[in-house]
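Step one of this worksheet: look at the structure below.
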Amino acid sequence: MSKEILADVDRDQIRIAVLEDRQLVEFYVEKTYDERVIGNIYKGKVANVLPGMQAAFVDIGLGKNAFLYVGDLNSYNLGSEDADVIESFKRTSIKDILRVGQEVLVQVAKEPIGTKGARISTNITLPGRYLVLMPTVDYTGISRRIEKEEERKRLKALADEIRPSHIGVIVRTVAEGKDLEDLKTDMEYLKRLWDNIQVKQKGGKAPRQIYKDMNLLARIVRDIFTPEVSKFYVNTSYGYEKVLELASLISPSLKNRVSLYMGKEDIFEYFNIESEIERALERKVWLKSGGYIVIDHTEALTAIDVNTGKFVGSIDLEDTVVKTNMEATQEIAKQLRLRDIGGIIIIDFIDMNTQEHQEMVIDALEVELKRDRTKAHVLGITNLGLVEMTRKKVRQSLDEVLEKACPYCEGRGRILSEETMAKKVEREISRIFRTRRGEAILIEVHPSVAAVIIGVGGNRLSQLEQRHGKYIFIKGKDDLHPEEVRIKAVGSRVKLENFAMPVREGQIIDVIIEETHITNPSDGIARVDGYIIDVEEGANLLGAKVKVQINKTYRTYAKARLI
């Protein structure tokens, strides 16, 4: 499997694409003017203690106070006299550990998302190339991705040899096969970093920033630019020099794999990444077989539904179902990684008849998830036959970074139908005629809604006028949202009629024949802002753009002839 990294380093933002066999599998964005805070270390001041939630809010200088749960407390930063209290936090109240105004050293564990402030912890972690230093615990851990027991024992022995007394360390996956000198160099760098943080902590008042984590480009070089990567393309001279500089410090042997992209096309366009990013924002994702998955986000969880779609199989129904589900496991794991979806995830695979097939699909999903650097756990199948899993959420997902809630549907993802809007307009007309005087009303709506209100041949509008004994002018406007209704005027019929008519007799215009006339099949129907144009002998030009002259205008439609 070939692996490549593309870096689009712009003045305003950095975009990183990770490719496996030229397929986009990971995508990262960081705005240079709005950099992330996760990993940053702050000297904070306790603003509020909530015993009922076993939590506290801490002012770290970010505007919104950060959330500190009692389980994320560590005695190191709170004074040794509190150690026994913290270790037994399940039996005591957080108010016995923290007090308002108290200063505490914390690290951001989760980015502020939406209305929620950052989540913080007093358990400090400092990642290096091969090691993660944990100065507030006394523990040696080995990455779970290093599976060979012999290698795990070797690395643990090396880590125990070089780690300072009473300071914890985790050996990262990339350390597999490395020798003592590699780990020692990394440990010395991390120890100097921690010593510097301790010095900064002692001076100055809270709240203030003590340490800023690396930017996106540096983290990619540190965490992803491994020997498995064959090429690291960067599109600007500044970015190229920066990556070379970082690689010299972190992974000198990989410097020759860094390339300055000098193509005429945008780097993401050349590698066909822009279209892949757009697909990563779509709700429906097609599988190669013809099946598909649907991804829906809610406040509490992400739901993924698997469907056979166009795939009909060749043996029997159960075989088709199993093949679709197996293919879906690959795509689901890829989409979770690409979209950076975190939290609770519910997967509705197509129902399978045997437990053997269910276990086969679960095992396949777990295998696919092993490629993901972010921790994910498959919890099993619920009583309703749904697969429940979790994936660690530490930052905003791709759609949260690149999109915003629709200002029209307010994030619902759906809008009212034309028929529903037509009834809403009719109710509004009734309300206005009850409260305002005038013989006519002019209303502007989207053309698709105007067509429904007017009805075939204007019959629906005529019935509405008869009901109220008033003149009603409906004008379609393309610039209006389908759910928007604009009351233009209430007054005399003659005055409003001049405003309402989108065409005049004798006028020559271009129109598109949309459909055939219901009662006169030889005529074609076109529309201008929802206003109907009956084009004589236009039925045989369905779908074509034609030039017509208006012969006669009426309130709900006009007659026209082909030029």
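Couple of notes before you dig in:
- Residue in the range 130-150 that is under 22 Å from Glu103 (Cα atoms), in a helix (DSSP H, G or I), at pLDDT below 95 and over 33 Å from the mean Cα position of the chain (by Cα) present: no
- Residues located in the range 475-524, provided they are of a type in the set (A, V, I, L, M, F, W, C) and more than 14 Å from Ala560 (Cα to Cα): Leu480, Val485, Ile487, Ala489, Val490, Val494, Leu496, Phe499, Ala500, Met501, Ile518
- One residue from Ser75, Ser121, Ser88 being modelled with pLDDT under 85 and within 24 Å of Lys202 (Cα to Cα): Ser75
- Look at (1) surrounded by fewer than 14 Cβ atoms within 10 Å (Cβ to Cβ); (2) within 48 Å of the chain's Cα centre (by Cα); (3) in contact (Cβ under 8 Å) with a residue 40 or more places away in the chain and you find that Asp510 fails only one, number (3).
- Within the range 185-206, residues that are within 16 Å of Ile167 (Cα to Cα) sit with their Cβ atoms under 7 Å from residues that are among the charged types (D, E, K, R), at 6+ positions apart or across chains, in these pairs: Asp186/Arg129; Met187/Arg163.
- Leading residue by the ranking (nearest to the chain's Cα centre (by Cα)) among those in the range 4-24 that are in a strand (DSSP E or B) and surrounded by fewer than 18 Cβ atoms within 10 Å (Cβ to Cβ): Gln13
- Candidate set from the range 369-417 (those that are within 21 Å of Lys31 (Cβ to Cβ) and of a type in the set (Val, Ile, Thr)); member that is nearest to the chain's Cα centre (by Cα): Val401
- Remark: pairs (first residue in the range 102-115, part of a strand (DSSP E or B) and among the aromatic types (Phe, Trp, Tyr); second residue at pLDDT 90 or above and open to solvent by less than 40 Å² (accessible area, probe 1.4 Å); Cβ separation under 6 Å; 6+ apart in sequence or on different chains) are absent.
- A count restricted to the range 238-281 and to residues that are closer than 22 Å to Val221 by Cβ, open to solvent by 70 Å² or more (accessible area, probe 1.4 Å) and modelled with pLDDT under 90 stands at 3.
- Residue in the range 322-336 that is modelled with pLDDT of 85 or more, farther than 27 Å from Glu147 by Cβ, among the hydrophobic types (A, V, I, L, M, F, W, C) and part of a loop (DSSP other than H, G, I, E, B) present: no
- Among the residues of the range 421-451, those identified as open to solvent by less than 60 Å² (accessible area, probe 1.4 Å) and of a type in the set (Ser, Thr, Tyr) are Ser430, Ser448.
- Candidate set from the range 537-563 (those that are in contact with a Leu (Cβ under 7 Å, 6 or more places away or on another chain) and in a strand (DSSP E or B)); member that is surrounded by the fewest Cβ atoms within 10 Å (Cβ to Cβ): Val546
The values are calculated or read from the model by the stated rules, or taken from the named source; none is laboratory data. Model, not experiment: these values are computed from the prediction. Heads up, the Cβs are rebuilt from the backbone with ideal geometry, glycines too, and the neighbour counts pull from every protein chain shown. Side chains are part of the model used for accessible areas, which takes the heavy atoms of the whole protein and leaves out ligands, DNA and RNA. Shrake-Rupley method; radii C 1.70, N 1.55, O 1.52, S 1.80 Å.
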